[in-house]
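Written out below as structure tokens is the structure these notes cover.
The values are calculated or read from the model by the stated rules, or taken from the named source; none is laboratory data. The shown structure was predicted, so the numbers you read here are calculated from the model rather than taken from an experiment. Note that we place each Cβ from the backbone using ideal geometry, even for glycine, and neighbour counts take in every protein chain shown. Note: accessible area is taken over every heavy atom of the protein model, side chains too, but ligands, DNA and RNA are not part of it. Shrake-Rupley method; radii C 1.70, N 1.55, O 1.52, S 1.80 Å.
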Amino acid sequence: MNDAIRPQPGILDIALYQGGQSHLPGQSNVVKLSSNENPFGPGERTKEVFLRAVHSLHRYPGTDHASLRQAIAEVHGLDAGRIICGAGSDEIITFLCQAYAGPGDEVIHTEHGFLMYRISALAVGATPVVVPERERTTDVDAILAACSPRTKLVFIANPNNPTGTMIGAKDMARLAERLPAQAILVLDGAYAEYVEAYDGGKALIEARDNVVMTRTFSKIYGLGGLRIGWGYGPQPIIDVLTRIRGPFNLSTAQLDTAEAAVRDQDHVARCRAENARMRVWLAEALAEMGVPSDVSMANFVLARFADAAEAEGCDAYLRSQGLIVRQVAGYNLPHCLRITVGDESSCRRVAHAVAQFKGQR
Ligand SMILES: *Cc1c(COP(=O)(O)O)cnc(C)c1O
């Protein structure tokens with residue numbers, strides 16, 4: 001052991017991210033409802049475009065992502081010059097931390113916020129600052145109270161994972177307005193497409209110089225396995241992020257497939273509608289069994305149990321039935337289980353199994 005070889009400060013404080021499990025030993029017909037994936041996957045044309053990428057595997061991809069940025073800009077009414085694409089929105093979060101935070105700086109996230117904010121902050125030696133939520137909802141006043149001259153980034157997922165709750169445009173604007181001058185507000189819109197008529201924060205970004213949004217192809221677009229995300233913000237910030245982006249961070253397959261996906265908004269609309277239908281159904285079914293949840297704006301339901309023991313017991317029973325959901329003790333919600341809204345038969349299976357579990361008690 002060579003004690004002189006040491007990683008940068010903060011790195012050894014990172015707890016490894018646990019992805020949603022996808023297999024149960026000895027079980028077939030397993031339903032994975034643990035990673036908020038779209039049960040329908042990408043649309044047909046998107047899959048065809050991905051297959052076609054086999055013909056250009058020997059070529060380096062383009063470095064400017066111009067065609068994908070153009071497609072995103074057209075669909076969302078954005079300025080293509082202020083879009084940056086990455087290997088999942090995780091990579092955009094990483095760029096933001098690398099570019100704007102370091103030792104001595106503070107990165108704010110909320111009590112039940114996405115774990116990648118903390119990991120990315122620690123990876124650059126910055127200090128994560130955890131802010132309480134109010135009833136599992138982002139509390140703008142608590143965030144403002146936690147700001148200091150060292151605050152560089154404030155991460156909010158809206159809707160949030162794993163709570164499914166979101167704050168409105170007025171609250172977002174008030175937060176952006178009152179942040180200290182050196183801080184950037186990052187609106188993580190991983191689930192924005194699931195919210196009817198929500199712009200992900202676009203209007204706020206256009207009105208200000210301190211707000212960035214991150215978006216992903218991993219959720220409603222059904223491309224979590226391909227790793228594509230993007231960010232949008234003020235030109236000076238995007239220019240900084242682009243300097244640290246690897247020139248070949250996205251493959252041709254990623255770029256072309258994402259472009260086909262974003263151009264297929266019919267598929268997005270169908271997935272949004274089906275998710276909304278089954279989300280309501282699942283939440284109501286659970287509530288009838290005495291398992292409440294907050295109104296979710298995303299593609300999962302955060303089911304609340306009496307205590308951690310009951311949540312763990314229910315999780316164990318669901319596993320015995322071939323159903324994988326997500327324990328969220330790592331998000332300070334040990335009495336809850338996050339259940340992704342699957343297709344209709346998966347929702348029925350999970351509701352049936354929870355009912356059996358509750359009935360046995
Ligand atoms: C799933 C998720 C993401 C997506 O990450 P990718 O790297 O784009 O797959 C981002 N933020 C939140 C809050 C999420 O739940």
Of the listed residues (R270, R349, R277, R326), the one being of a type in the set (K, R) and within 28 Å of L96 (Cα to Cα) is R326
Determine whether the range 38-60 contains at least one residue that is open to solvent by 50 Å² or more (accessible area, probe 1.4 Å) and within 16 Å of the ligand (Cβ to nearest atom).
yes
Collect the residues in the range 329-361 that are surrounded by fewer than 20 Cβ atoms within 10 Å (Cβ to Cβ) and either basic (K, R) or in contact with a Pro (Cβ under 8 Å, 6 or more places away or on another chain) (or both), keeping them in residue-number order.
D343, S346, R348, R349, K358, R361
Somewhere in the range 137-151, is a residue assigned by TED's automatic domain parsing to the domain that holds A253, more than 22 Å from L333 (Cβ to Cβ) and within 16 Å of the ligand (Cβ to nearest atom)?
no
Considering only strands (runs of 3 or more DSSP E) wholly within the range 153-241, the ones with at least 1 residues that are under 21 Å from G102 (Cα atoms) and more than 14 Å from the ligand (Cβ to nearest atom) are 184-188, 211-216
Could you go through the range 88-103 and let me know if any residue there is without any contact (Cβ under 8 Å) to a residue 40 or more places away in the chain and more than 20 Å from D264 (Cβ to Cβ).
yes
Can you tell me which residue among A269, A258 is part of a helix (DSSP H, G or I) and either open to solvent by less than 40 Å² (accessible area, probe 1.4 Å) or within 16 Å of the ligand (Cβ to nearest atom) (or both)?
A258
Give me a count of the residues in the range 108-139 that are within 15 Å of L175 (Cα to Cα) and among the aliphatic types (A, V, I, L, M).
2
Kindly check whether there is at least one residue in the range 61-76 that is within 30 Å of D315 (Cβ to Cβ) and more than 16 Å from the ligand (Cβ to nearest atom).
no
